[in-house]
1. Identify all residues within the stretch 86-101 that are at pLDDT 90 or above and either within 16 Å of the chain's Cα centre (by Cα) or polar (S, T, N, Q) (or both); write none if there are none.
2. Which members of the stretch 445-465 meet the condition of being of a type outside the set (A, V, I, L, M), assigned to a loop (DSSP other than H, G, I, E, B) and surrounded by fewer than 19 Cβ atoms within 10 Å (Cβ to Cβ)?
3. So which residues in the stretch 26-60 are within 16 Å of Glu115 (Cβ to Cβ) and either in contact with an Asp or Glu (Cβ under 6 Å, 6 or more places away or on another chain) or in a strand (DSSP E or B) (or both)?
4. For the subset of the stretch 7-43 comprising residues that are of a type outside the set (S, T, N, Q) and under 16 Å from Glu256 (Cβ atoms), which member is surrounded by the most Cβ atoms within 10 Å (Cβ to Cβ)?
5. Anything in the stretch 429-488 that is under 22 Å from Asp220 (Cα atoms), hydrophobic (A, V, I, L, M, F, W, C) and touching a Leu at 6+ places or on another chain (Cβ under 8 Å)? List them, or say none.
6. Can we say Thr421 is over 20 Å from Val143 (Cα atoms), outside the structural domain of Gly183 (by TED's automatic domain parsing), modelled with pLDDT of 80 or more and among the β-branched types (Val, Ile, Thr)?
7. So which residues in the stretch 236-249 are surrounded by fewer than 20 Cβ atoms within 10 Å (Cβ to Cβ) and not charged (D, E, K, R), if there are any at all?
8. Restricting the stretch 250-282 to residues that are surrounded by fewer than 18 Cβ atoms within 10 Å (Cβ to Cβ) and among the acidic types (Asp, Glu), which is farthest from the chain's Cα centre (by Cα)?
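The values are calculated or read from the model by the stated rules, or taken from the named source; none is laboratory data. This is a predicted model, so every value here is computed, not measured. Ideal geometry is used to build each Cβ from the backbone, glycine not excepted, and the neighbour counts take in all protein chains shown.
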Amino acid sequence: MSEIAIGIDLGTSNSCVAVQRAGNVEVLPNAYGEPITASVVELRKDGSIAVGNAARANIIHDPKHTISSSKRLMGRYYFSEEVKKAQAICSYEIAEGPNHGVRINVRDELFSPPEIGAMVLREIKAVAEARLGEPVSQAVITVPANFNDNQRQATKDAGRIAGLEVLRILNEPTAAALAYGFGKGLSQQVAIYDLGGGTFDISVLEIGHDVFEVLSTCGDTFLGGDDFDDRLIDLLADEFMEKEGINLRNDPFALEKLKVAAEAAKKELSIAEESDVRIPDIVSAPDGSSSLSLERTVTAGEFETLVHDLIQRTFKVCDEALQQAGVIARDLDGVMLVGGPTRLPVIHNAVREYFQQDPRTDVDPDQVVAMGAAIHAATLVDIENKAFLLDVTPLSLKIGVAGGLAETIIERNTPVPIEQTRTFTTFQDDQETVVIRVCQGESRDLSENELLGQFEFSGFKKARRGDVNIDVTFEINEDGIVNVTARDPETGQATSTCITLSSGLSEGEMREIIEQNRTERVESATPEDAEVLGAVDLVARPLNSVPKTRGLCNDSETGAGEPAGAAIDASSGAADALDSEVSTSASDALDSEVSTSASDALDS
């Protein structure tokens, strides 16, 4: 008998767990008999922890110590725009951790987002064990398709802290497609429109006899139901400010009451034409003599106007995904809605108009992702369960180059797993170390991509510049996690590093957390071009061979300088220089070797 492996949809607002047994997929309800559990954690004064629906119920009474929507912070740097947005709407304190990482400060104790996620996962694990009557140690956990490497690794870390062996990190739309088509003998092209609490994804898939091939996937990791709630919160808070002169956003208790009321109104508007918002005693009067209340009727038409631009943002993402897949919307065999917000008539109608067909509603949008994850989990532990997934990497893998630019190594929507090797050479005589900065994203501007980390390689033979070959291999596995290996083919010296968020949890921190068990408390260059990587660290060799390297650029230059040939034969063009820190002597050497022609060639 195969060991049971569960499927977990770790959501921004809610989470769900399912299992496949004897060919049937079951969603496992929590102790309240509900299929979904709130992704909320309350850290109480007595040291205990409440997770799930109990924590959500108490959020208006203890907003500073109750953590919701922490998934939006997974794998983020503290200085990122997404974290700034979260700080503007969160009642709890978001602080800066080591290496510019994100920490959540609760009662003077700092928690990383994976730790909070682990608390939710531990609760979900307990739900599964209670329903199944046996221990559970293996799981497939889903993430938004557009999650980058940092966010995927952070999710995997959360699973490990929770005591789970994470068999696979699975994209949410792919999981939904599995639940939709597995075992039905379908041969279709479908789109999965996945609007969750905090993220939006669209994936286009080809389904053929239990083979699920992702043709393209695109998304926005900071667009979801929470943003729809925020529009209602802004409406109510702005009107209250105009009437009473009090900004409810400045009071954490009032803000949480607003959030609860806004979410309730949004849900009511999914089945009614209007919703009456009533919040008694939301805040004290300025003189303290009495309490003020908030009352407002919100109509479906008014709500549609408030969120119109958010819905249009999802369709811009859909445009991109369809173009990447080479598919026309009306030619799809089906469109499937995933995520609680898709119950809203305004979204359902907009999707129908965009795709020119009625979306499928035969699978519960809150449960379908967990169901698909359970099917895939069963496939990984039971050879009799044959569902084949051919997924893609949602974001391009790039290397930072001079001028603040980024050069693509592996294109987005490339099938995974994928491995690609490039050969580089040193730039300086007797160079001892090579540094490569790795990022993910679609912008040519390095700063607009997500920095994953830097890979350092040393120990190769010292020689004249251009005389050393270094093979650098970029690998993306089935989880979408990046691994980088550098090897000196002459000596065999090699270093392999899994690129993870430099501001995330180190292996030592992971071990310490697990031991302490805190969760128990409740564009690519042509073959004719060469690239200089690491500012003066490394020069890329083309796929055939390069007799000579080219001129290079330094992002500190504005184009002035001597001809590139003064230092390097630049007769065939310019090279790209990696934008990374270098020694003073290296920078000085670079200053005399950068030309206007090199900069111009890089920009073209």
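1. Ala86, Gln87, Ser91, Gly101
2. Residues satisfying the conditions are Gly459, Lys461, Lys462, Arg464, Arg465.
3. The answer is Val40, Val41, Glu42, Leu43, Ile49, Ala50, Val51, Ala55.
4. Once the filter is applied, the top-ranked residue is Val41.
5. Val438, Cys439, Leu446, Leu452, Ile476, Val482
6. When the stated conditions are applied, Thr421 passes them.
7. Met241, Gly245, Ile246, Asn247
8. The qualifying residue farthest from the chain's Cα centre (by Cα) is Asp281.
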